[in-house]
Amino acid sequence: MNTIDLVIFAVFTVGVVIFGCSFYRKGSSAQEFTAAGRSLPGWVVGMSIFATYVSSISYIGYPGKAFATNWNAFVFSLSIPVASYFAAKYFVPFYRHGGSVSAYTFLEEKFGRWARLYASACYLLTQIARMGSILYLLAMPMHILMGWDMVTVIIATSVGIILYSMLGGLKAVIWADAIQGIILIGGALACLAILMFSMPEGPGQVFDLALNAPEGNKLSLGSFGSDLTTSTFWVCLIYGIFINLQNYGIDQNYVQRYHAARTDKDARFSALFGGYLFIPVSALFFLIGTALYAYYAAGVAELPAEIQAKPDYVFPHFIVNGLPVGLRGLLIASIFAAGMSTVSTSVTSAATVILTDYFGGGKKGENGGRRDLLILRLSSMAVGVLGIVVAILMLGVKSIIDAWWILSSIFSGGMLGLFLLGIVPRRISRRAAAVGCVAGIIVIAWISLAGIWNLPGPHLHEYLAIVLGTTTIFLVGFLLSIFITKK
């Protein structure tokens with residue numbers, strides 16, 4: 001890695017940390033930390049929502065997936081318009097006019113404290129798994145580029161992210177996200193242009209080689225069959241609809257951003273803007289993966305067998321060997337931009353959940369005292385440390401996007417089903433909701449462990465854990481409530 005690349009990367013990384021820390025204000029309140037004083041314009045909040053979507057999982061995992069297989073995972077992005085529409089029309093006004101910055105207060109009002117703690121625990125598990133995945137992907141390029149120890153990079157990067165998240169709160173995170181989002185789009189566009197115009201026969205050769213690949217069409221969106229044991233088009237689409245409705249509807253990352261927007265109109269715009277922007281940008285990442293396949297298939301450069309065996313390493317390998325000086329540093333900075341924005345979001349939102357749902361702080365109308373701010377900052381540190389541990393445990397994973405999607409599907413615990421029970425017009429009894437939750441957990445556990453323990457019955461794809469878990473919680477709770485009423 002050239003000195004110029006190192007300078008570009010160092011200036012960006014250190015600059016983001018300093019920029020985030022500059023939002024620190026002595027005597028600021030817990031409300032300022034968790035909701036940014038409801039003072040931010042819609043486009044900034046929307047860019048933050050977009051940057052939360054585009055993590056290092058997208059920046060490295062999507063190209064790796066397209067290189068190794070096809071565009072099946074892009075179907076996930078096609079489900080976003082459904083979730084964005086519901087968010088702008090229903091979720092944004094629902095949360096902005098509520099009495100708490102926590103996404104799970106509503107569940108306690110409907111079903112009791114157990115429901116709030118269950119949902120928030122699922123959320124915390126999901127965010128810690130997400131942080132671990134992203135920190136792993138932040139360390140990988142530096143390991144390939146410089147030979148630096150991945151554990152050291154994970155720890156050093158985490159310290160910087162935790163620092164500005166602790167000091168600057170949500171306002172620092174959102175503004176940093178907006179800047180990082182712009183940088184990561186620019187870096188990806190530059191990289192795609194170099195790949196396409198490096199082909200011996202021009203950009204069109206990328207599509208010729210992809211369509212006629214020996215292993216099948218590289219631009220395919222997956223099988224349209226009815227098999228539920230593999231990642232078909234329909235399995236991926238249904239998974240995307242459920243996970244994105246959960247993201248927009250009950251994910252603290254998004255709910256906090258609804259509160260941070262200046263007006264209801266700004267908040268609705270941010271939900272639509274952030275979601276829709278992700279669709280073309282995710283297509284950009286998949287196209288990079290397809291171009292990488294064509295680049296090496298055409299013999300423009302040689303790809304070592306050990307790199308080809310780990311698809312997540314292919315894009316970083318190209319950055320090292322295929323990009324000119326300066327742009328290489330920009331791409332590494334872009335990958336860090338994608339990762340830092342998502343990890344800082346997870347740190348801040350997880351700390352908010354711990355404060356509001358487990359310590360009863362940060363209520364609307366309160367200025368928040370030293371106790372609340374201390375809890376927020378200590379929680380940020382604790383969540384960051386757990387993320388580091390998960391990242392280290394993921395060092396042996398073959399495909400990080402597969403690992404993350406499976407973990408998010410399982411750890412979600414079907415809590416979207418519990419939320420849906422809370423908003424249906426019919427009154428659902430607390431007992432029925434609790435039984436529904438237990439049934440949903442059993443279904444999720446069965447789907448997760450059936451293949452590992454060779455349990456009897458069909459072994460469904462792990463992506464369906466969130467789909468069937470959510471459906472079970474809702475149907476069991478709803479039908480049981482009807483039965484109890486009739487009884």
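Of all the numbered requirements in (1) surrounded by fewer than 24 Cβ atoms within 10 Å (Cβ to Cβ); (2) at pLDDT 85 or above, G27 misses one, and that requirement is (2). Among residues that are over 27 Å from A30 (Cα atoms) and open to solvent by 10 Å² or more (accessible area, probe 1.4 Å), L184 is not included.
For region 79-102, a residue qualifies if it is in a loop (DSSP other than H, G, I, E, B) and crowded, with 24+ Cβ neighbours inside 10 Å, and the qualifying residues are V101, S102. If you check L421, L416 for being over 17 Å from the mean Cα position of the chain (by Cα), under 29 Å from F111 (Cα atoms), in contact (Cβ under 8 Å) with a residue 12 or more places away in the chain and open to solvent by less than 40 Å² (accessible area, probe 1.4 Å), only one passes: L421.
In region 30-56, which residues are at pLDDT below 85, surrounded by fewer than 24 Cβ atoms within 10 Å (Cβ to Cβ) and in a helix (DSSP H, G or I)? Those that are at pLDDT below 85, surrounded by fewer than 24 Cβ atoms within 10 Å (Cβ to Cβ) and in a helix (DSSP H, G or I): Q31, E32, G37, R38.
Comparison of S220, S198 shows that the only residue that is surrounded by fewer than 21 Cβ atoms within 10 Å (Cβ to Cβ) and in contact with a Gly (Cβ under 9 Å, 6 or more places away or on another chain) is S198. Taking region 424-437 as the range and being of a type in the set (A, V, I, L, M, F, W, C) and open to solvent by 10 Å² or more (accessible area, probe 1.4 Å) as the test, the residues that pass are V424, I428, A434, V435. If the condition is being open to solvent by 10 Å² or more (accessible area, probe 1.4 Å) and either more than 30 Å from P304 (Cβ to Cβ) or in contact with an Asp or Glu (Cβ under 9 Å, 6 or more places away or on another chain) (or both), then region 138-165 contributes H143, L145, V159, G160, I162, L163. Please verify whether region 103-124 includes one or more residues that are part of a loop (DSSP other than H, G, I, E, B) and crowded, with 20+ Cβ neighbours inside 10 Å. Yes; the residues of region 103-124 include at least one that is part of a loop (DSSP other than H, G, I, E, B) and crowded, with 20+ Cβ neighbours inside 10 Å.
Between A121, A188, the distinction of being within 18 Å of F318 (Cβ to Cβ), modelled with pLDDT of 85 or more, among the hydrophobic types (A, V, I, L, M, F, W, C) and out of contact with any Ser or Thr (no Cβ under 6 Å at 6 or more places or on another chain) belongs to A188 only. Of all the listed residues (A333, A305), the sole one being within 24 Å of A66 (Cα to Cα), open to solvent by less than 30 Å² (accessible area, probe 1.4 Å) and of a type outside the set (D, E) is A333. Being small (G, A, S), open to solvent by 10 Å² or more (accessible area, probe 1.4 Å), modelled with pLDDT under 85 and under 30 Å from Q205 (Cβ atoms), is that true of even one residue in region 282-295? No, every residue in region 282-295 fails to be small (G, A, S), open to solvent by 10 Å² or more (accessible area, probe 1.4 Å), modelled with pLDDT under 85 and under 30 Å from Q205 (Cβ atoms).
With a requirement of 2 or more residues that are basic (K, R) and over 30 Å from A115 (Cβ atoms), none of the helices (runs of 4 or more DSSP H) lying completely within region 169-286 satisfies it.
Here is a yes/no grid of residues against (1) modelled with pLDDT under 85; (2) within 17 Å of the chain's Cα centre (by Cα); (3) not aliphatic (A, V, I, L, M):
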{"position": "R371", "(1), (2), (3)": "yes, no, yes"}
{"position": "M381", "(1), (2), (3)": "no, no, no"}
{"position": "V385", "(1), (2), (3)": "no, no, no"}
{"position": "S412", "(1), (2), (3)": "yes, yes, yes"}
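In summary, Y62 fulfils each of the numbered conditions (1) surrounded by fewer than 24 Cβ atoms within 10 Å (Cβ to Cβ); (2) hydroxyl-bearing (S, T, Y); (3) closer than 21 Å to I335 by Cα with the single exception of condition (1).
Yes/no matrix, rows are residues, columns are (1) closer than 30 Å to F315 by Cα; (2) touching a Phe, Trp or Tyr at 6+ places or on another chain (Cβ under 8 Å):
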{"position": "T52", "(1), (2)": "yes, yes"}
{"position": "I57", "(1), (2)": "yes, yes"}
{"position": "G61", "(1), (2)": "yes, yes"}
{"position": "P81", "(1), (2)": "yes, yes"}
{"position": "G98", "(1), (2)": "no, yes"}
{"position": "F111", "(1), (2)": "no, no"}
{"position": "L117", "(1), (2)": "no, yes"}
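The values are calculated or read from the model by the stated rules, or taken from the named source; none is laboratory data. All values reported here derive from a predicted model rather than from experimental measurement. With ideal geometry, Cβ positions are generated from the backbone for all residues, glycine too; neighbour counts draw on all protein chains shown. Keep in mind that these areas ignore ligands, DNA and RNA; they rest on the heavy atoms of the full protein, side chains included. Shrake-Rupley method; radii C 1.70, N 1.55, O 1.52, S 1.80 Å.
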